[in-house]
Amino acid sequence: MKSILSTLLLVFILSASAQNVKKVTMESLLHEMVDRDAIARFPKTNFRLKQASSYNRASEKPEDSVGWFTNHDYNKGDGDHNFIRTEETNGEKEWVLMDHVGPGAIVRVWSPWLNQLEPGSDIIIRIYLDGNPKPVLEGNMISLFDGTGLIPYPFAHQSLRSGVSFFPIPYAKGCKITALKEPYFFQYTYRAYDEGTPVETFSMEDFEKAKPLIAKIGKELSNPQNTNAGEMISFKAKLKSNKEASIALPKRTAAVRSLVLKLGDYKDPAVMRSVVLKMEFDGQQTVWTPIGDFFGTGIGLNPVKGRYQNVEEDGTMSCSWVMPYQESGKITVLNLGKKPVDVKLEATIGDWKWDSESMYFNAAWRGQYPVPTRPFSDWNYVTLKGRGVYVGDALTIMNPVKRWWGEGDEKIWVDGEDFPSIFGTGTEDYYAYSWGGRSTEFYEHPFHAQPRSYVYNKLNPKTKNEKNTSGYSTETRTRALDGMPFESSLQLDMEVWSGTDCDMGYGVGVYWYGDANTTSNRVPDEKEVLNVPPLPKGFPEK
């Protein structure tokens, strides 16, 4: 009897909880994509981000130093089984790529060209929702998600030799994705909501009705604007070596809604690493990051435009992460370089209603040179303890050789799980492009970009089709619907997997929101900031 009463009580609690949760719809997710305030609060509709990918199934545990770093993370023959299973219906064979039971939403899709020199793919995929035997979507594995088909730009995008989509596809009971022939590489990232979460399943009828909203949200994503609403505070300073300048934030509950920084000149590329941005909120330092890594430009001035960060050709750098606080805050710029620098900083402070779900913005940095590429290893971006949401990163590497450096997979563990929620297929795939050894072009998108690769950036576009990935490369990824909530911990590792036995340089800026007691393993590292990886001998000038 006691067991029955306990069960009934649990059912009642879950039912009551589900009734208090706002229904998840395609429209609600579209609005959430452009709601900068939403990402600064822990989600009321709880979910965990997960991914179905073609990672190599030999990778079972880190203790297996061979299997864990096996790089055959695709399917190209009868011996490959980097998918879930095969099925046969009415005599037709389908390869199952994703099979999630429960409420959820697809929030990111990545598919590469089958051949690095030939655009496209001949693989057809089907998306089945809620157990319906008829797919809600069917089409080419790439063109369905590259902005040339059903889903428009910027939700879907022709990235470098890839198709990438961030368009939300919600479902109430489950999602199965299949291919009509053996799949190549693939990644399908989805939100797994708590059981009982009310979700309105995607339909083509609703998609057609939502086209005006889709166009409106798409326009906002393509033309992100910093807010002008609020109180402007600023300072100008000439910072001598090892000196800093600070500005106090208004003492009230508020949020930094826009931050703009500009240096006097950028002749020395290393100034982007030797000048550091620090921020304190309510007595705790939550930001300590070189400005190049904070704004996503890397080493040197590499203009790029994104949803949350923008670097202009004249050197004006801005960000629109919302950074709330309860009582006080301070913004500081520190010059660790040997030469004086002129700094101009402006911040716009707006209103914020603090509640139990409000979180502090954090940004940290890790750098290392040299990083040996043998034996293969996992390089930790960050490990977090507590509650929060991981929202992005900017990776800058120095590659001393021409051969491709980025076969390493991302591995992300959440809340102490035994196997990563996210197990990727290559560093360039994580940053939403493919065939990285050849894809050294500049590109940008609201949620991902390659501001620089080899000698190329927005100011020096690639004009010939050579393969050379030496020198500095910077890759950025910021998250909206694919932000990663965690209740107790998050660990993000990236494999160091180069085609050459050599010493590389790694530096990464990472961004997350967290409670006041959420901690990370990243600490200020002034010594490593000045350890800028040198370019290879004979490296060409721009």
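The values are calculated or read from the model by the stated rules, or taken from the named source; none is laboratory data. What you see is a predicted model, and the numbers here were worked out from it, not measured in a lab. Positions of Cβ are generated from backbone atoms using ideal geometry, with glycine treated the same way; all protein chains shown enter the neighbour counts. These accessible areas exclude ligands, DNA and RNA; they are computed on the full protein's heavy atoms, side chains included. Shrake-Rupley method; radii C 1.70, N 1.55, O 1.52, S 1.80 Å.
The table below lists the values:
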| quantity | calculated |
| --- | --- |
| Helix runs (DSSP H) in the chain reaching 24 Å along axis by Cα, Kyte-Doolittle at least 0.5 | 2-20 |
| Amide H contacts under 5 Å for Gly298, placed H, 5+ residues apart | Asp293 |
| Inter-site label distance for Asp351 and Glu487 at 7 Å from Cα along Cβ, in nm | 3.4 |
| Simple Cβ-charge dipole of region 164-262, Lys/Arg +1 and Asp/Glu -1, about Cα centre, in debye nearest 20 | 880 |
| Theoretical gain in end-to-end length, Lys467 to Glu92 [0.36 nm per residue, Cα-Cα removed] | 131.0 nm |
| Dipole magnitude (debye, nearest 20) for the chain, charges at Cβ of Lys, Arg, Asp, Glu | 1540 |
| Relative packing of 350-356, 380-386, which averages over residues the other C-beta atoms within 10 Å, highest first | 380-386, 350-356 |
| Full-extension gain in nm, Ile84 to Ala229, via 0.36 nm per residue minus C-alpha separation | 47.2 nm |
| Global geometry of region 140-186, whether rounded, prolate or oblate, following the gyration tensor of its Cα atoms and the 1.5 cut on a/c | oblate |
| Label point at Asn460 placed 7 Å out along Cα→Cβ; residues across region 364-402 whose backbone nitrogen lies under 20 Å | 395-402 |
| Label point 7 Å beyond Cα of Glu417 along Cβ direction - residues of region 476-502 with amide nitrogen under 12 Å | 484-487, 490-491 |
| Reachable lysines from Lys467, criterion Cα separation under 30 angstrom, eight or more residues apart if same chain | Lys76, Lys267, Lys305, Lys402, Lys411, Lys458, Lys537, Lys542 |
| Surface accessible to a 1.4 Å probe, per residue, for the residues of region 86-140, Å² | 46 |
| FRET efficiency, 1/(1 + (r/R0)^6) with R0 22 Å, evaluated for Tyr153 and Arg36 via beta carbons | 0.55 |
| Placed amide H near Lys243: partners under 5 Å, 5+ positions off or other chain | Asn335 |
| For region 343-382: span of alpha carbons on each principal axis (Å, largest first) | 51, 35, 7 |
| Contact order relative to length of the chain, as percent, for alpha carbon pairs under 8 angstrom and 6 or more apart | 17 |
| Label zone at Glu220, where the point sits 7 Å out along the Cα-to-Cβ direction: region 345-379 residues whose backbone N lies under 12 Å | none |
| Potential extension, Thr70-Lys23 segment - 0.36 nm per residue separation minus Cα distance | 12.8 nm |
| Dipole-positive endmost among Asn468, Gln491, Thr253 within the chain (Cβ charges, Cα centre) | Thr253 |
| Relative packing of 326-335, 242-251, 101-110, which averages over residues the other C-beta atoms within 10 Å, highest first | 101-110, 326-335, 242-251 |
| Phi to ³J(HN,Hα) by Karplus 6.51 cos²θ - 1.76 cosθ + 1.60 over region 324-340, Hz, x for Gly, Pro | x, 8, 9, 10, 7, x, 8, 10, 10, 10, 10, 9, 8, x, 7, 9, x |
| Given charges at Cβ of Lys, Arg, Asp, Glu: the chain dipole, positive-most of Leu336, Leu137, Phe83 | Leu336 |
| Within-10-Å neighbourhood charge of Met359 [Cβ basis; K, R +1; D, E -1] | 0 |
| At most 13 other Cβ within 10 Å, DSSP loop - GluC sites (Glu not before Pro), region 177-218 | Glu195 |
| Within the accessible area of the chain (1.4 Å probe), percent carbon and sulfur | 51 |
| Region 489-501 - phi-based ³J(HN,Hα) in whole Hz, Karplus 6.51/-1.76/1.60, Gly and Pro as x | 6, 8, 10, 10, 10, 10, 5, 8, 9, 9, x, 10, 7 |
| Radius ratio Rg over Rh of region 67-167, counting only Cα atoms, Kirkwood formula for Rh | 0.97 |
| Of the chymotrypsin sites (Phe, Trp or Tyr not before Pro) in region 178-211, those whose Cβ has at most 12 other Cβ within 10 Å and which sit in DSSP loop | none |
| Where only C-alpha atoms are counted, convex hull volume of region 421-542 per residue in Å³ | 160 |
| Under Karplus coefficients 6.51, -1.76 and 1.60, residue-wise ³J(HN,Hα) of region 178-187 in Hz, glycine/proline x | 10, 10, 8, 8, 3, x, 8, 7, 6, 9 |
